[in-house]
Number of protein chains: 4
Amino acid sequence: MSHNSFGHLFRVTTWGESHGPAIGCVVDGVPPRIALSEADIQPWLDKRRPGQSKFVTQRQEPDQVRILSGVFEGLTTGTPIALHIENTDQRSKDYSEIAERFRPGHADITYELKYGIRDYRGGGRSSARETAMRVAAGAVARKVLGPEVRIRGALVSIGGDWVDPAGWDWAAVEENAFFCPDRAAAARWEERLLELRKAGDSVGAVIEVVADGVPPGLGAPIYGKLDSDLAAGLMSINAVKGVEIGDGFGAAALTGSANADEMRMNPDGTVAYQSNHAGGILGGISTGQPIVARFAVKPTSSILTPRAAVDRQGREVEVQTKGRHDPCVGIRAVPVGEAMLAIVLADHLLRHRAQNPDAPSVARLPRN
Amino acid sequence: MSHNSFGHLFRVTTWGESHGPAIGCVVDGVPPRIALSEADIQPWLDKRRPGQSKFVTQRQEPDQVRILSGVFEGLTTGTPIALHIENTDQRSKDYSEIAERFRPGHADITYELKYGIRDYRGGGRSSARETAMRVAAGAVARKVLGPEVRIRGALVSIGGDWVDPAGWDWAAVEENAFFCPDRAAAARWEERLLELRKAGDSVGAVIEVVADGVPPGLGAPIYGKLDSDLAAGLMSINAVKGVEIGDGFGAAALTGSANADEMRMNPDGTVAYQSNHAGGILGGISTGQPIVARFAVKPTSSILTPRAAVDRQGREVEVQTKGRHDPCVGIRAVPVGEAMLAIVLADHLLRHRAQNPDAPSVARLPRN
Amino acid sequence: MSHNSFGHLFRVTTWGESHGPAIGCVVDGVPPRIALSEADIQPWLDKRRPGQSKFVTQRQEPDQVRILSGVFEGLTTGTPIALHIENTDQRSKDYSEIAERFRPGHADITYELKYGIRDYRGGGRSSARETAMRVAAGAVARKVLGPEVRIRGALVSIGGDWVDPAGWDWAAVEENAFFCPDRAAAARWEERLLELRKAGDSVGAVIEVVADGVPPGLGAPIYGKLDSDLAAGLMSINAVKGVEIGDGFGAAALTGSANADEMRMNPDGTVAYQSNHAGGILGGISTGQPIVARFAVKPTSSILTPRAAVDRQGREVEVQTKGRHDPCVGIRAVPVGEAMLAIVLADHLLRHRAQNPDAPSVARLPRN
Amino acid sequence: MSHNSFGHLFRVTTWGESHGPAIGCVVDGVPPRIALSEADIQPWLDKRRPGQSKFVTQRQEPDQVRILSGVFEGLTTGTPIALHIENTDQRSKDYSEIAERFRPGHADITYELKYGIRDYRGGGRSSARETAMRVAAGAVARKVLGPEVRIRGALVSIGGDWVDPAGWDWAAVEENAFFCPDRAAAARWEERLLELRKAGDSVGAVIEVVADGVPPGLGAPIYGKLDSDLAAGLMSINAVKGVEIGDGFGAAALTGSANADEMRMNPDGTVAYQSNHAGGILGGISTGQPIVARFAVKPTSSILTPRAAVDRQGREVEVQTKGRHDPCVGIRAVPVGEAMLAIVLADHLLRHRAQNPDAPSVARLPRN
């Protein structure tokens, strides 16, 4: 069962509410003797941290991670790794409105209908704060995958305004507040988000995550497919409404002759695919090409515009979010998407080893 | 672990290859004392069965299901239900080419790279034949959900040609060979597919599945979200490359004010949502609105056009599929998508009961 | 979840009732390219089969196993292996009494209280017939473990009459109807069981199972311990009421100085344990010594002596089993116990490989 | 997978080493709106805490538990509950000997052989300190079970010296340092343990745990049996080598006529069993009688007597434990055994509700 756990052999269990004393996770199944310290995790958390630009929520906390178990003298021991972050910026503000009124498009009401109770402070368990632990666990997953596998992400669309593939430069991602790989698009987005912020509105976004260096053979038919687990992992991120692999929905518009990735051979016995419509996955198993996935993040429902809503007593009311406000939650979803991709790959790497003890790191033809 | 199982409390394990003696599944966790017979399952299998029109593969088999356990005197007993279908149309044809050459865009090569062996006859385990067992298990899931929950599906796009929402008529779905809810689109598609068939090519498609009557409260944060499990289930279907819930990728182009589903009250204490951008799921939990999901199916890679490929010996070759050919595998994916939606909902209904023994079938406000 | 599945990476799901059309199981997670045919499985089933001596139930069926999937041209493919046995000896007898009356000490009543329905014919799902599929799956597990691991079992006590360790001869196990390793005990048991059979009574037994050649390192703290899984597996066998590892309950009577297994070194760098009180497991992980487990089987409750009971209507009645009768169900539990040991070890072998890709088949000191 | 998690719907994941900064657990699946605070948990921890008598380890720590998530305004919210205990008594002592030498009968060597690394300080992950989190989680499980279910435990044998069933008084358990229900035995044990302590030796023990008020119907055939899960749970406790249910190994010495629990009816429609050889479980499902289980704890291997051992370099050495020493680890296993019983029952209560939404708290005949 998986209420609050994700993965099978590389298994992450998260806990914590936005305004509780702390949030944390347990990462189980990490192989022994991998060098790991807080310094391997902190940079990824810093990347996700709010308050870093005017385009994301202004909550201010250091998000300092501590490793509480599973590492001894700088090496993993094969026992569960507990990661822990104190919540330091739980502003004591007036929650009486949010406690009683359900914001349209927010999990407030479904938690209430399901459980009859919820920690409403800052969104409680449904807060994007939980994703900090995904990023922390993702940093551990990267260590399990090793340096051969490189995982990167970028924001590729804001409110329907897409980056130009011709202008894609991974270096640009580090330069702007949007993780945007296209400098021209970044400039347009900046202008647009300033307007939205002024209007108290928000906007959706699409994120692309890519893993290079993944060996062929990861994934397991029929229900443990790599893309199936990836879809589950990405769809479980707050506000995500869609996931696609490779050409995704675009593939539905193609003919078979246009969509198939033709193959030639590399001199080293690996397959030289001539295109990557498949996004690196065929039949649920990695091909050896880059794994490419995209996911759509809806605009946050916490906006300054008044909206028709209901309250806990079943009365019709209006709600309007006050205070800190995130015009595009999709921005901070970039490092979270990377983390989920890392976690899924680490899990499947361990699963592959279990069933294929002689699994080569790079499969070649002829196979035997 | 979930190599070949799906679901947790309503749990389906499938087995079988396209050209083995039989295919089957075990459905575990079904509550006792539910009326069930082959007659409850067979109609759904008939709907999925190939050979019913010139637009789907011409494989001919009755797909007659047998219940081998778990039902006694017409009622489920709470013990595992084994479902069994003989394979009767395993044509003895020459497989020497497919045994040696990998079709571009097909799982042939990834199975080989992963396992070093594969049953290549008719696609073996990676054949869409496996989906017959999903449909059979889905029929059992429908019985668990009861008559209040209605699950339907439709093909909404072929090769980028979409149905017109204004022309949507569920009755039309039963009338044409495409499960198409728009009669005008169906006419266009017929023409297009005849051309593609002549050209020996194929085309992708998008399917929409909808569940009405789902009570609020199904789904479990954070990693057992209803949409996360639905994404995994739909993405695990053969050839699926994208999944979206509600407005899906469209939501990424909206502003928060446009996307939020405003709320009023119904006289009976249930919430009257004013729109359904969310597709019936907020925070991973059902809202009580219809659950709406779409998934993209790529065009089949088995086409009559020659393509550059490689063989098991690592030689560069050409492949060209011969014989039976499916111009749009997306058509038969409609009943399969319905089945996966039914399975996910049945699983979450049982999960919800476990944690909420007093769960009302329809949640009202005030909750307590 | 695990209603009808056992194991994680080597995963067995069984289905079927005593008097349904068939019983079967799905074995998932088997590594690819292992030679496997019905001939590898049938001998173990023949060993368990009833009707082979006057001391076990006289049900007569060939228990002919068929492999329906997961094997291609004599080799496993990494996909799920479906095993299938037809039920051929479902005598059409009068079940009206057993349908209405609950036998004392039998699962009749608990199935009824839990589910409100049960297939009462021959015990339905609670019949020992289910254990045939464990034996079949155990045969596959042996293939996964390879020839280095040898798993054997013996009956070591009937009704409190124990074998003499000094008289233990594995060869004797094959010579008598009891799988008894002590020829003198076998002679005593024969006499005793003839008397019990005449009296229409039954008796309990203790079985010991031993695995030689298990490498050190299998098992995973804290809840995936090898002994914990073994306890679950053995306790799940019909009529088992106790499980112990190594000295087991005897260890509770020892002092620490007597119980500790002292260590010296073998010339090859492996540890030479001076005794095996631990039964080959320390801290839940295999030591490299033989794994030794014992389990207690209660006497069957289906006896010819009338006993006070109740019926479905809540009336006080008497019951007395008629027809085929098994004076010591513990005898046939020997191959079943072996099978469960094989399944647990195969599962842990795969689990160990996942987390320890460089796991040596025999660990030596110094470890690195 | 279950390396460090136990249970399915009531699911406990523990982490932490003896001498790390803290230990903790995540309890997932707890139903919402149950009153819970640290005050519900602390008393059970206090009962288990070391340093309370001269017969258990003298480690001194307050073991103060904190709830870090999942509880809001005194009620559970249905989200994961994180429990946290700081380690305060990590004496900075010289670990050089224990770091290099493997104690006979201790998990030192198997952790080393499996992982090639271990946190040797105080036993690290293999320390009985982990059981504090089981006790904490068990306290939560008791709240889930409600006041109708009463779970108690007692030490019934030390070094082969058993309590007299005729002298059993539950009140006595609270009065002595051994959780002994027989005052005469407690007096004998005190004398014996003082001698053992002086001799620097240790001794094994047997614990009995009993649950009253368990409704019939908990447990699920075939592999999710209540006794199977209980066996796994108890066997996973440090140093446990045997588990039995009801008469356990004693049942193997009985005839069927002696062992069957005859049945009469209570006036309220529940079954009046005339004995409880079965220990409250038939066919893996609770009967409604008290659940009775016993488990054997071996003598601790940390003794002051020198023993032949080996070191990390593969050299033959002698080891002799120094410092704090626990003459009978079985004593503190009593509250741990109670906790595991509570956890297994809570898990099965939730599982039963999932499959049987109309499950009566007490099943009566006729069932329908």
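Would you confirm whether any residue within the range B:252-263 is touching a helix residue (DSSP H, G or I) at 6+ places or on another chain (Cβ under 8 Å) and small (G, A, S)? No, the range B:252-263 has no match at all. Candidates C:R150, C:R142, C:R103: the one that is crowded, with 20+ Cβ neighbours inside 10 Å, among the basic types (K, R) and modelled with pLDDT of 95 or more is C:R142. Could you check the range C:304-316 and list, in sequence order, the residues that are at pLDDT 90 or above and touching a helix residue (DSSP H, G or I) at 6+ places or on another chain (Cβ under 8 Å)? Hits for the range C:304-316 are C:R307, C:V310, C:D311, C:R312, C:Q313.
Looking across the range A:318-368, the residues that are within 21 Å of C:H8 (Cβ to Cβ), touching a residue at least 24 places away in the same chain (Cβ under 8 Å) and part of a loop (DSSP other than H, G, I, E, B) come down to A:N356, A:A359.
Residue by residue, here is whether (1) over 30 Å from D:A359 (Cβ atoms); (2) part of a helix (DSSP H, G or I); (3) modelled with pLDDT of 95 or more holds:
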| residue | (1), (2), (3) |
| --- | --- |
| B:V26 | no, no, yes |
| B:P31 | no, no, yes |
| B:A39 | no, yes, yes |
| B:Q42 | yes, yes, yes |
| B:L45 | yes, yes, yes |
| B:Q60 | yes, no, no |
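Contact map, the range C:1-23: residues that are within 7 Å of chain B (Cβ to nearest Cβ) and surrounded by fewer than 24 Cβ atoms within 10 Å (Cβ to Cβ) paired with residues that are in a strand (DSSP E or B) and among the β-branched types (V, I, T), Cβ distance under 7 Å, separation 6+ or inter-chain. Pairs shown: C:A22/C:I85.
Answer yes or no: is there a residue in the range B:195-211 that is surrounded by fewer than 19 Cβ atoms within 10 Å (Cβ to Cβ) and among the small types (G, A, S). Yes, that holds for at least one residue. Output yes when any residue across the range C:290-298 is in a loop (DSSP other than H, G, I, E, B) and either more than 21 Å from the chain's Cα centre (by Cα) or closer than 28 Å to C:A186 by Cα (or both), and no when none is. Yes - at least one qualifying residue is present in the range C:290-298.
Residues in the range C:299-309 that are assigned to a loop (DSSP other than H, G, I, E, B) and over 29 Å from C:A232 (Cβ atoms): C:L304, C:T305, C:P306.
Do we find a residue being of a type outside the set (A, V, I, L, M), within 8 Å of chain A (Cβ to nearest Cβ) and under 18 Å from B:A22 (Cβ atoms) anywhere in the range B:87-100? Looking for residues that are of a type outside the set (A, V, I, L, M), within 8 Å of chain A (Cβ to nearest Cβ) and under 18 Å from B:A22 (Cβ atoms), one finds none in the range B:87-100, hence no. Wholly within the range D:107-222, which helices (runs of 4 or more DSSP H) include no fewer than the required count, namely at least 3 residues that are among the small types (G, A, S)? The qualifying helices (runs of 4 or more DSSP H) are D:131-145, D:183-199. If you go through the range B:240-289 and keep only what is assigned to a loop (DSSP other than H, G, I, E, B), among the small types (G, A, S), touching a Gly at 6+ places or on another chain (Cβ under 6 Å) and free of Cβ contacts under 8 Å to residues at least 24 places away in the same chain, you end up with just B:A260.
Selection of the range A:235-286 for residues being within 23 Å of B:L304 (Cα to Cα) and of a type in the set (S, T, N, Q) yields A:T255, A:S257, A:N259, A:Q274, A:S275, A:N276. Picking from residues in the range A:257-289 that are at the interface with chain B (Cβ under 7 Å from one of its Cβ atoms) and of a type in the set (V, I, T), the one that is farthest from A:H348 (Cα to Cα) is A:V271.
Given (1) touching a Lys or Arg at 6+ places or on another chain (Cβ under 8 Å); (2) surrounded by 24 or more Cβ atoms within 10 Å (Cβ to Cβ), where does B:T76 come up short, assuming only one miss? The single condition B:T76 does not satisfy is (2). Apart from one condition, B:R312 fits all of (1) over 30 Å from B:V135 (Cα atoms); (2) free of Cβ contacts under 8 Å to residues at least 40 places away in the same chain; the exception is (2).
Within the range A:313-343, being away from chain B (no Cβ under 13 Å), surrounded by 16 or more Cβ atoms within 10 Å (Cβ to Cβ) and not small (G, A, S) holds for A:R324, A:R332, A:V334, A:P335, A:E338, A:L341.
Scanning the range B:264-284 for residues that are aliphatic (A, V, I, L, M) and within 15 Å of B:A231 (Cβ to Cβ) yields a total of 2. Scan the range B:292-302 and tell me whether some residue there is surrounded by fewer than 24 Cβ atoms within 10 Å (Cβ to Cβ) and within 23 Å of A:G330 (Cα to Cα). Yes, because at least one residue in the range B:292-302 is surrounded by fewer than 24 Cβ atoms within 10 Å (Cβ to Cβ) and within 23 Å of A:G330 (Cα to Cα). Does D:G233 satisfy the condition of being in a strand (DSSP E or B) and either closer than 23 Å to D:V329 by Cα or touching a strand residue (DSSP E or B) at 6+ places or on another chain (Cβ under 6 Å) (or both)? Taking the combined requirement at face value, the residue does not satisfy it. You will find that of A:E100, A:E86, A:E148, A:E130, the residue that is in contact (Cβ under 8 Å) with a residue 60 or more places away in the chain and over 24 Å from the mean Cα position of the chain (by Cα) is A:E100 and no other. Here the range D:121-139 is the region considered, the condition is being touching an Asp or Glu at 6+ places or on another chain (Cβ under 7 Å) and within 9 Å of another protein chain (Cβ to nearest Cβ), and the residue that is surrounded by the most Cβ atoms within 10 Å (Cβ to Cβ) is D:R125. Looking across A:L254, A:L234, A:L230, one residue alone is at the interface with another protein chain (Cβ under 7 Å from one of its Cβ atoms) and among the aliphatic types (A, V, I, L, M). It is A:L254.
Which of the residues that make up the range B:161-171 are surrounded by 10 or more Cβ atoms within 10 Å (Cβ to Cβ) and more than 20 Å from the chain's Cα centre (by Cα)? Walk me through it before giving the result.
First, the residues of the range B:161-171 that are surrounded by 10 or more Cβ atoms within 10 Å (Cβ to Cβ): B:161-164, B:167-170.
Residues satisfying the conditions are B:D161, B:D164, B:G167, B:W168, B:D169.
Hey, could you check the range B:24-36 for residues that are at the interface with another protein chain (Cβ under 8 Å from one of its Cβ atoms) and more than 21 Å from the chain's Cα centre (by Cα) and say which is nearest to A:L9 (Cα to Cα)? Residue satisfying both the conditions and the ranking: B:P31. The residues in the range B:193-209 that are in contact with a strand residue (DSSP E or B) (Cβ under 7 Å, 6 or more places away or on another chain) and within 11 Å of chain A (Cβ to nearest Cβ) can be counted, and the count is 8.
The values are calculated or read from the model by the stated rules, or taken from the named source; none is laboratory data. Since we're looking at a predicted model, the values are computed, not measured. Positions of Cβ are backbone-derived with ideal geometry, glycine not excepted, and every protein chain shown enters the neighbour counts.
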